[in-house]
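Notes follow once the structure below has been shown.
The values are calculated or read from the model by the stated rules, or taken from the named source; none is laboratory data. Since the model is a prediction, treat every value here as computed from it, not as a measurement. Positions of Cβ are backbone-derived with ideal geometry, glycine not excepted, and every protein chain shown enters the neighbour counts. When the accessible area is computed, the model is the full protein with side chains, heavy atoms only, and any ligands, DNA or RNA have been set aside. Shrake-Rupley method; radii C 1.70, N 1.55, O 1.52, S 1.80 Å.
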Amino acid sequence: MVSESTAVDGDAAAGGEVHHVSLRRALGPLSLTMIGVSSVIGVGIFVVSGVTAAQNTGPAITLSYLFASIGVLIVALCYCELAAMMPVSGSSYSYISESLGRFPAWLIGWAMVLEYLVTAATIAVGWSGYLSGMMGKYGVIIPEKFSQVPISVSEDLHVAFTGGYGNFPAALFTLLLTALLAIGVKESARVNTIIALIKISVIVAVVAVGVFYVNPVNWHPFLPANDGQWGHFGWSGVARGTALAVWVYTGFETISTCAQEARDPKRDLTIGMLATMAICTVLYLAVSLVMTGLVPSKDLDVADPILVALGAIGPQWGWLVALVSLGALIGISATLLVTLYGQIRVFYIMAVDQQLPVSFARVHPRYRTPIVATWFTGIVCAFIAFMVPLDILTELVSMGTMLAFGSVCGSVILFRHRQPERERPFRVKWSPVVPGLGMLFCAGLMASLPAHTWIQLVLWMILGSLLYRRRRAPV
C-alpha cells in the first residue's frame with residue numbers, strides 16, 4: 001500500500017519526477033458528518049421514498065427503511081474499523097488491496113466506478129429533471145430537446161432516437177461542481193456544510209408541520225396485502241423496499257474516501273460515519289411516516305412525492321411547499337457534489353498505488369487537490385449525463401456497490417485472522433459474527449437481482465481484468 005502523504009504535483013508529473021505533496025487536512029467531524037449526510041439525503045428522500053411506497057410497500061416503507069438501516073449499519077461498522085486502521089483515501093479499494101492483493105483491489109476499484117461515477121451521472125439527470133419541473137411551475141419552460149439524451153435503450157437493448165440534443169442542464173451543472181471541487185476541499189466542504197444544514201432544516205420543517213395534519217386512516221392497512229407478484233406489497237414488498245432503500249444509505253462510504261483530508265482520521269472518520277447513519281435514519285423514518293400519513297400511498301408515485309404530500313395540508317402552507325421545492329433542488333446538488341468527490345479520491349489513490357496513470361495523482365500546488373483526477377471525473381460524468389440513457393445501468397450500479405460492501409466486511413475477518421495485534425482505534429464487536437452478517441446481507445441483496453444483471457457484472461469485470469496494470473503506469 002501507499003503512504004498517505006504520497007502525491008504528485010504538476011511540475012513533477014510533467015518532468016517525470018515524483019515530489020511529495022500531501023492533500024490538505026481540512027476536514028473535522030462536523031464537515032465529515034455533513035459530507036455523509038449530503039450523500040445520503042438526496043434523491044432517496046425526495047423521490048425514491050414516495051415511489052417505493054406507492055409501488056412496493058405502502059405505509060410499510062418505514063419498515064423497509066428500518067431494516068435497511070440495520071443492514072447498512074453493520075457494513076458501516078466494518079468500514080469504521082478499516083478506515084481507522086488504514087486512514088487512506090481509497091476506501092474499499094485500499095482495504096482490499098492490503099487484505100487480498102492488488103488484482104482483487106483493482107477489480108473492486110473497477111466496480112466502484114459504477115458505484116460513484118454512474119451514480120453521479122444519475123443524480124445529475126435527477127437534478128436536471130427536478131429543475132425543469134420546478135421552473136415549469138413558475139412558467140419557465142426548458143425545451144425538452146435540450147434536457148433529453150439523444151438515444152434510448154430498451155431492456156432488450158433496442159436503440160431508438162429520442163429527438164433530444166442532450167441533457168444540457170445536467171452536464172453544465174456537473175462541470176460547475178467540478179470546478180468547485182478543483183478549487184479545494186476546504187471550500188467545497190464549506191459549501192456542502194451550508195447546503196446540508198439547509199437540507200436538514202427543510203426536512204425538519206416538513207415533519208414538524210406535517211405531523212399535525214396526519215390522517216391515521218392513510219396508515220391502514222399499514223402492510224397492504226400482496227397482489228400476487230413478488231415485491232408488490234406484503235412482506236415481499238417490504239423486502240423489495242429494503243433493497244431499494246439500501247442505496248439511499250450507502251453515501252456513508254464517501255466519508256472513508258476523505259481519510260487523507262481528515263484532521264484526525266482515526267477518530268473523525270468513525271464519528272462521521274456513525275453520526276451520518278444516526279441522523280439520516282431518524283430523518284428517513286420521520287419523513288416516511290409523515291408523508292404516508294398525509295396522503296394515500298398510491299398518490300406518491302410521482303417525481304415530487306413530498307410536495308404532493310404537503311399539498312394536502314392546505315393553501316396556507318404554500319410558502320412551505322415552495323421552500324421545500326427549492327430545498328430539494330439544493331439538496332440534490334449537494335449529493336452530486338460529494339458523489340463526484342468520492343470518485344475523484346478513489347481515482348487519486350489508485351494512481352498513487354500505480355494502478356492508473358501517475359497524472360491522476362497530480363496535486364495542484366496551490367489548491368492541493370488532485371487536479372487531473374478531478375477534471376477527468378467531472379468531464380466523464382458530464383458526458384454520461386449528457387448523452388447516455390441511465391435506466392438500464394441502475395441494477396448494475398447496485399450490484400457493484402454490494403460487491404464492494406461485502407468485500408469490506410470480509411476484509412475485517414481476514415485482518416483479524418492475519419494481523420490480530422495490529423492497532424485498531426475502532427473495533428467491530430463480536431467478530432466474525434457481525435462482519436459475517438454484513439456479507440450475508442450484501443449477498444442476499446445481490447441474489448435478489450435478475451440474471452441479466454449478473455451477466456452485465458461478469459462482462460464489466462472481464463473488461464476490468466483486461467485493463468489491469470501490473471506495472472507502474474506511464475505518465
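Values computed for the structure shown
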| read-out | value |
| --- | --- |
| Overall form of the chain per C-alpha gyration tensor (a/c, 1.5; a/b vs b/c) | prolate |
| Solvent-accessible area, 1.4 Å probe, carbon plus sulfur percent, for the chain | 69 |
| Shape call, region 321-475: gyration tensor on alpha carbons, a/c limit 1.5 | rounded |
| Cα centroid separation - region 66-84 against region 226-281, whole Å | 8 |
| Rg/Rh (Cα only; Kirkwood hydrodynamic radius) as it applies to region 214-278 | 1.26 |
| Net charge contributed by nearby residues that have their C-beta within less than 15 Å of His417 (K/R +1, D/E -1) | +2 |
| Taking the C-alpha atoms of region 97-181, convex hull volume expressed per residue in Å³ | 145 |
| Binned Cα-Cα distances of region 327-404, short to long, each 5 Å bin given as a whole percent | 3, 13, 17, 22, 22, 14, 7, 2, 0 |
| Isotropic mean projected area of the C-alpha convex hull, region 236-323 (nm²) | 7.9 |
| Relative contact order (%) - the chain, alpha-carbon pairs under 8 angstrom, separation at least six | 34 |
| Net charge over other residues, Cβ less than 13 angstrom from the Cβ of Val295 (K, R count +1; D, E count -1) | -2 |
| Cα Rg, Dmax (largest Cα-Cα span) when computed across region 412-456, Å | 14.9, 43 |
| Tensor-based shape of region 64-123 (alpha-carbon gyration tensor, a/c under 1.5 rounded, otherwise prolate or oblate) | oblate |
| Filtered trypsin sites (Lys or Arg not before Pro), region 214-320: DSSP coil and at most 16 other beta carbons within 10 Å | Arg263 |
| Net length gained if the chain between Ile151 and Val302 were fully extended (0.36 nm per residue, minus Cα distance) | 52.0 nm |
| Inter-probe distance in nm under a simple model that places probes 7 Å from Cα toward Cβ, at Tyr213 and Trp235 | 3.7 |
| Among beta bridges that DSSP assigns inside the chain, antiparallel share in %, nearest 5 | 65 |
| Label-point gap, in nm, between Leu172 and Ile198 - each point 7 angstrom along Cα→Cβ | 1.9 |
| Using θ = phi - 60° and Karplus 6.51 cos²θ - 1.76 cosθ + 1.60, couplings along region 27-39 (whole Hz; Gly, Pro as x) | 10, x, x, 5, 4, 5, 5, 5, 4, x, 4, 5, 5 |
